[in-house]
Amino acid sequence: MSVTQQQVLDSLAKVKSPRGVGLANAGVLSAISVSDGKVFFSINVEASEARAWESARAEAEAAVRAIPGVATVMVALTAERKAGAAPPPPPHRHAPGVAPVSSHQPPQGAGGSPMAKQAEIPGISAVIAVASGKGGVGKSTTALNLALGLRDLGLRVGLLDADIYGPSVPRLTGIHEKPQLNDDKKMIPIVRFGLAIMSIGFLVEEDTAMIWRGPMVMSAITQMLRDVAWGTLDVLVVDMPPGTGDAQLTLAQNVPLRGAVIVSTPQDLSLIDARRGLAMFKKVNVPVFGIVENMSYFQCPHCGTRSDIFGHGGARHEAERLGVPFLGEIPLHMSIRVTSDSGTPVVDSEPDGPHAAIYRAIAAKVRDQLQGSIAAA
Ligand code: ADP
């Protein structure tokens with residue numbers, strides 16, 4: 001029997017809110033998304049009230065989870081707050097069996113550090129973002145294959161699809177199952193290709209129209225970062241939402257990022273967008289590890305001939321001009337598109353091919369930057 005929105009509302013009516021009425025009547029709920037046993041909604045409150053609502057949020061999750069037929073629940077607490085202010089720290093819970101890494105944990109709390117206000121994520125040594133100034137440039141494809149390249153270098157790697165406007169990681173990885181919960185009520189990431197993977201797309205359908213306001217984005221992503229039993233990771237690759245708007249800025253500011261990789265195509269327009277991406281990370285003091293030029297040149301799948309159809313080399317010049325490392329160029333190639341869209345990413349499915357080698361070379365540069373940044377810290 002499938003779960004209905006009414007059942008969810010009925011269960012929420014019994015949850016007490018700090019306003020003294022049942023949660024369903026407190027006037028704070030977003031639209032409730034129910035699909036295939038997966039339930040997602042947010043509670044929208046003033047920033048000053050956020051702490052008082054955390055227990056209502058947890059109770060709401062438990063109440064909905066108790067409905068027969070509900071497999072996964074995610075309730076985001078959305079706190080409206082002034083841009084630039086730090087969010088309330090999330091509740092700190094430990095998943096059994098998740099050993100925090102202390103030896104090479106990024107330093108937190110140091111004065112002036114970009115990560116000063118960002119709580120570390122137990123078990124994760126470094127978080128890096130893959131960003132783009134606009135959608136459709138191959139950011140997600142690059143994030144996944146970069147994660148696989150880092151895996152091939154012997155690192156323990158996770159991938160968080162934070163592109164909640166259009167989560168494509170379920171399609172790119174072929175993952176269609178729902179994450180289960182552990183005893184500590186944390187979501188267990190899906191392990192595929194040796195990566196620990198989490199996406200909002202595992203909870204809602206890819207084509208579900210999601211209208212997110214900035215604070216909701218942050219709240220949902222914070223929960224995916226912190227309420228997931230990631231285990232021990234050397235690096236978590238975050239596939240950012242495309243663009244450089246307020247939501248992305250808040251995200252860059254509030255996720256404890258060690259660095260960022262910007263993906264651009266060679267077209268001018270895209271490069272302008274990439275420049276905005278650089279400026280955004282600069283603003284929040286997150287080092288940009290470099291620019292990747294995707295769809296850099298067309299490589300004919302039949303004869304292998306290379307054609308610079310977009311006027312190639314723009315990203316490299318731009319990177320040089322801006323003093324940012326250039327990480328590499330990835331051709332526009334049929335096998336990258338086909339493997340991406342069939343859930344068999346090229347680094348994993350064609351490990352000895354030329355494209356895997358390109359992604360691994362980019363991964364090696366990112367790893368070096370990461371090590372340099374950790375050493376410098
Ligand atoms: P974004 O995350 O920037 O929106 P995606 O990674 O989802 O972009 O890629 C958009 C489309 O372009 C997908 O169909 C993907 O398979 C394809 N694509 C991405 N990079 C390449 C490439 N280098 N060669 C061929 N197709 C690519």
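The values are calculated or read from the model by the stated rules, or taken from the named source; none is laboratory data. Quantities reported herein were computed from a predicted structural model and do not represent experimental measurements. For neighbour counting, all protein chains shown are included, and Cβ atoms are generated from backbone atoms with ideal geometry for every residue, glycine included. SASA here: full protein model, heavy atoms, side chains in, ligands and nucleic acids out. Shrake-Rupley method; radii C 1.70, N 1.55, O 1.52, S 1.80 Å.
Do we have Leu12 as buried (at least 16 other Cβ atoms within 10 Å of the Cβ) and part of a strand (DSSP E or B) here? Write out each step before concluding.
Values: buried (at least 16 other Cβ atoms within 10 Å of the Cβ): yes; part of a strand (DSSP E or B): no.
Here the answer is no, as Leu12 does not meet what is asked.
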Determine the pairs where a residue that is open to solvent by 50 Å² or more (accessible area, probe 1.4 Å) and of a type in the set (D, E, K, R), located within the stretch 349-360, has a partner that is away from the ligand (no atom under 13 Å from the Cβ) and modelled with pLDDT of 95 or more with Cβ atoms under 7 Å apart, the partner being 6 or more residues away or on another chain. Arg360/Gly149; Arg360/Asp152
Considering only the stretch 229-257, how many residues are open to solvent by 10 Å² or more (accessible area, probe 1.4 Å) and touching a Ser or Thr at 6+ places or on another chain (Cβ under 6 Å)? 2
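Across the stretch 179-193, which residue is nearest to the ligand (Cβ to nearest atom) among those that are surrounded by 15 or more Cβ atoms within 10 Å (Cβ to Cβ) and outside any strand (DSSP E or B)?
The extreme case among them is Phe193.
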Given (1) of a type in the set (A, V, I, L, M); (2) free of Cβ contacts under 8 Å to residues at least 24 places away in the same chain; (3) open to solvent by 60 Å² or more (accessible area, probe 1.4 Å), index of the condition Met334 fails: (2)
Just one of Ser168, Ser199, Ser132, Ser140 is among the small types (Gly, Ala, Ser), over 17 Å from Gly343 (Cα atoms), within 16 Å of the ligand (Cβ to nearest atom) and touching a strand residue (DSSP E or B) at 6+ places or on another chain (Cβ under 8 Å); which is it? Ser132
Filter result for the condition that a residue is β-branched (Val, Ile, Thr) and assigned to a loop (DSSP other than H, G, I, E, B), over Ile121, Ile128: Ile121
Within the stretch 228-236, does at least one residue satisfy the condition of being in contact with a helix residue (DSSP H, G or I) (Cβ under 7 Å, 6 or more places away or on another chain) and at pLDDT below 90? no
Conditions first: (1) farther than 23 Å from Gly166 by Cβ; (2) among the acidic types (Asp, Glu); (3) free of Cβ contacts under 8 Å to residues at least 40 places away in the same chain. Asp234 passes all but one, so which condition is the exception? (3)
Hits in the stretch 319-351 (condition: within 10 Å of the ligand (Cβ to nearest atom) and β-branched (Val, Ile, Thr)): Ile330, Ile336, Val338, Thr339, Val346
